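One structure is given here, and the rest of the page talks about it.
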Amino acid sequence: MKIQTIATRPIEGQKPGTSGLRKKTRVFMGPGYLENFVQATFNAIGGAKNKTFVVGGDGRFFNARAIQTILKMAAANGASKIIVGRNGLLSTPAASHLIRLHKTDGGLILSASHNPGGIDQDFGVKFNTSNGGPAPEGVTEAIYDQTRALDSFDIAEAGDLDLSKVGETELGSMKIRVIDPVADYQDLMASLFDFDKIRELFASGFNVRFDALHAVTGPYAKAILEGELGAPKGSVVNAVPLKDFGGGHPDPNPVWAHELMDLMMSGDSPDFGAASDGDGDRNMIVGRGIYVTPSDSLAVLAANAHLALGYKSGLSGVARSMPTSAACDRVAEKLGILSAETPTGWKFFGNLLDAGRVTLCGEESAGTGSNHIREKDGLWAVLLWLNILAVRRQSVGEVLSDHWANYGRDYYSRHDYEAIPTDVANSLIHDLRSRLTDLKGQSFAGLKVSDADEFSYRDPVDGSISEKQGIRIWFEGNARAVLRLSGTGTEGATLRVYLEQYAPPEADHQLDAQSALNTVRVATADLCRMEEFTGRTNPDVVT
Ligand code: G1P
Ligand code: ZN
C-alpha cells in the first residue's frame with residue numbers, strides 16, 4: 001500500500017458544535033475539507049497507529065464517499081482495524097454500542113442527524129471516544145486546535161473497497177470488518193426488554209406505526225418490530241434509507257413527522273405511533289390522539305423503567321439537559337434518586353453515565369437514552385415504551401393521565417426562530433445578559449420574574465466547567481423560559497425559546513399546551529425584546 005502525504009492548509013471554521021462538525025454537504029465535498037478534519041481528529045487523539053475504530057453513517061448523500069476516504073486515511077495513519085457497517089450504514093446508537101462491544105479506540109459517525117440530506121443540504125462528522133459517547137469538550141477543542149495547525153494529511157493510494165458484503169478485507173495491514181449493522185444492536189435490545197411480553201401485546205391486536213422517515217432506523221425497526229416481535233408487516237413505514245430522506249427533514253417531531261401525527265390524531269389511528277431521525281438517535285412517541293412531549297416521555301420512562309428487564313433493579317439517577325422540563329426531576333424526587341441538570345448536548349451525560357450516577361438521560365429535543373450505550377437511542381425509547389405498555393396494559397393516554405395525576409403536568413414547548421442574522425441573535429443574547437440582574441422583580445405581560453441567570457455547568461466527575469449555556473428566567477407561578485442559540489445549525493443563527501408552565505396534580509391537565517403557555521410566551525418575547533431585535537413576532541418552528 002502506498003501512502004500519500006498531501007500538503008494542506010488549515011481551513012477556517014472546523015470547530016465541532018453541539019454534535020460534531022456539521023456543514024453544508026458541498027462544503028464537506030470541497031478539496032481537503034473532510035480530510036483535514038479527519039486528520040485533525042487522528043492527531044488530536046495521539047494518532048491512529050495500532051488503533052481500532054468503528055465507522056459508519058446514516059446513509060445520506062456523501063456518506064459512501066466519505067467512508068472510503070476515512071478508510072484510506074485510517075490505513076495511512078496506521079490504524080490496525082476498522083469495523084464498518086455494511087454499505088457504510090450504522091445508526092448512531094448502533095455505532096456507540098459497537099465501540100463499547102468491541103472495545104475500540106473510538107468511532108467516526110457520519111451524519112447531520114435530523115438535518116436534511118442531499119448535495120445542497122447538510123453533512124456531518126462526529127468523533128466518539130472509547131466509551132461510545134460523543135467526544136467531550138476537551139477532545140473537540142483539541143481537534144479544533146489541530147485543524148488550525150494542520151499542514152498535511154495522509155491517505156492510502158488505493159481503489160474503493162467493496163463494503164456491500166459482510167466479511168473481512170484488508171487495506172495494507174489494516175483489517176476491515178464489514179458487519180451487519182443491525183444484528184448486535186438487536187441482541188442488545190433483546191437483553192434489555194421483555195420481548196415475550198411485547199410479542200404478546202402485538203398478538204393481542206395492539207397495533208403500531210413506526211415512521212422511519214426514509215432514514216437509518218428503517219432496517220433496525222423492520223428487523224426488531226416486524227421481524228422479531230411480530231408486529232404486522234407494514235407497521236414500519238418509510239423504511240428504506242434514502243440519500244435525501246425523500247426530500248424531507250428526518251426530524252421526529254409534530255412538524256416534520258406530520259403524516260404520522262395526522263394519522264395518530266385521526267379517528268382511526270393505531271394504538272401507538274413512533275418515529276426516529278436521520279441517524280436513529282431521536283424519537284417521537286404518539287398515542288391515539290395524544291402527542292407525548294420528549295420531556296414527559298423521559299419522566300414517564302423514569303417512573304416506569306423498572307417494569308423492563310434491564311432496569312428492574314431501579315435507576316441510580318436521571319439526568320436531563322437544562323432546557324428540558326422539570327417533569328423528570330419530580331419523578332427522581334419521589335424515587336429518592338439523583339436528578340442532574342446538564343448543558344444541551346449528549347456529550348455532557350457521558351461522565352455521569354460512566355460514573356454510574358445516572359441510568360436514564362434525556363433532552364427536550366426528542367433524545368432519550370440510558371447507560372446501555374453512550375448516545376441517545378430512538379428505537380430503545382420506543383421499545384421501552386412498548387415494554388411498559390405491555391406490562392401496564394393501558395393506552396398511552398391513560399399512562400400520561402395517571403402520570404400527571406401523580407406528579408402534576410409540566411406544559412412545555414420549544415419555539416425556534418430560524419435563520420436570524422448571527423449578529424442580531426448575538427446582540428439579543430448579549431442585551432439580555434447585560435440586564436439579567438435587573439430582571440428580578442420586574443413584570444412582563446403581567447408575569448413577575450422571580451429569578452434569572454445564565455446557566456454554567458461544573459461537571460461533577462471531572463470538574464470541567466462549561467459557561468454560557470443558556471439564559472434561564474423563572475416567573476412567579478411556576479413558569480420558566482430558557483433562551484439559547486443553537487449549536488447545530490449550518491446557516492445564520494437559530495434562537496431557541498423553551499417555555500414551561502407547571503400545573504400541580506389537582507389542576508386541569510387537559511389544556512392545549514400552546515394555550516397553557518401563552519402568558520409565559522408573551523412575557524418572554526416582551527422581556528427579550530424579540531420584535532425589536534429580530535423583527536419577528538412568531539417562531540418558525542413550534543415543537
Ligand atoms: C440540538 C438539540 C440538542 C441535541 C443536539 C444534537 O442542539 O437542541 O438537544 O443534543 O441538537 O442532536 P442545538 O441545535 O440546540 O445546539
Ligand atoms: Zn440524531
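Key figures
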quantity: In order through segment 111-128: 3J(HN,Hα) via Karplus (6.51 cos²θ - 1.76 cosθ + 1.60), integer Hz, x for Gly, Pro; calculated: 5, 10, 6, 8, 6, x, x, x, 4, 9, 10, 10, 9, x, 9, 9, 9, 10
quantity: Residues whose placed amide H lies under 5 Å from that of Ala355, excluding near-sequence neighbours; calculated: none
quantity: Residue pairs, from the table Lys15/Lys49; Lys24/Lys468; Lys24/Lys126; Lys72/Lys222; Lys49/Lys72; Lys165/Lys243, whose Cα atoms sit over 22 Å apart; calculated: Lys15/Lys49; Lys24/Lys468; Lys72/Lys222
quantity: Alpha-carbon centroids, segment 405-446 and segment 36-95: separation in whole Å; calculated: 40 Å
quantity: Only Lys, Arg (+1) and Asp, Glu (-1) charged, at Cβ; segment 104-215 dipole about Cα centre in debye; calculated: 400 debye
quantity: Amide H within-cut-off set for Asn207, under 5 Å, with H built and near neighbours excluded; calculated: Asp271, Phe272
quantity: Rule-of-thumb Rg ratio for the chain [Cα; 2.2 N^0.38 Å; N residues]; calculated: 0.95
quantity: For Leu163, Leu71, Leu171, order by how many other beta-carbon atoms lie within 10 Å, fewest first; calculated: Leu171, Leu163, Leu71
quantity: Positive-pole candidate from Ala479, Thr490, Gln469, dipole of segment 418-493, charges at beta carbon; calculated: Ala479
quantity: Footprinting exposure proxy for Val522, Val236, Val54, Val541 (fewest neighbouring C-beta atoms within 10 Å first); calculated: Val522, Val541, Val236, Val54
quantity: Percent antiparallel among DSSP beta bridges (both partners in the chain, rounded to 5); calculated: 70 percent
quantity: Taking the chain and dividing mean pair separation by its residue count, relative contact order in percent (alpha carbons under 8 Å, at least six apart); calculated: 13 percent
quantity: Separation between Cα centres of segment 253-271 and segment 480-512, rounded to whole Å; calculated: 22 Å
quantity: Whole-angstrom gap from segment 113-164 to segment 216-230, using each part's C-alpha centre; calculated: 29 Å
quantity: Segment 327-432 - charge dipole about Cα centre, Lys and Arg +1 at Cβ, Asp and Glu -1, debye rounded to 20; calculated: 560 debye
quantity: Order of Tyr311, Tyr412 under a 10 Å beta carbon neighbour criterion, fewest first; calculated: Tyr311, Tyr412
quantity: Lys, Arg +1 and Asp, Glu -1 on Cβ, resulting dipole of the chain about Cα centre, debye, nearest 20; calculated: 1020 debye
quantity: Farthest positive-ward along segment 191-310 dipole, Cα basis, beta-carbon charges - from Val255, Tyr220, Ser276; calculated: Tyr220
quantity: Per-residue ³J(HN,Hα) for segment 299-310, Karplus 6.51 cos²θ - 1.76 cosθ + 1.60, θ = phi - 60°, Hz, x for Gly and Pro; calculated: 5, 5, 5, 5, 6, 10, 4, 4, 6, 9, 2, x
quantity: Inter-probe distance in nm under a simple model that places probes 7 Å from Cα toward Cβ, at Asp160 and Arg536; calculated: 4.0 nm
quantity: Segment 159-266: trypsin sites (Lys or Arg not before Pro) in DSSP loop, at most 10 other beta carbons within 10 Å; calculated: Lys165, Lys233
quantity: Residues whose placed amide H lies under 5 Å from that of Asp122, excluding near-sequence neighbours; calculated: Thr25, Gly117
quantity: Two-decimal Rg/Rh across segment 161-309, once Rg and the Kirkwood Rh are taken from alpha-carbon atoms; calculated: 1.02
quantity: Phi-based couplings in Hz for segment 373-383 (Karplus 6.51, -1.76, 1.60; Gly and Pro marked x); calculated: 9, 10, 9, 6, 8, x, 5, 4, 5, 5, 5
quantity: Charge dipole (the chain, unit charges on Cβ, about Cα centre) - positive-most of Thr344, Cys528, Pro323; calculated: Thr344
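Values quoted throughout were computed directly from the atomic coordinates according to the rules given, and no laboratory measurement underlies them. Bear in mind that the values here come from a model prediction, so they are computed numbers and not experimental data. Cβ sites come from the backbone with ideal geometry, for glycine too, and all protein chains shown count toward neighbours.
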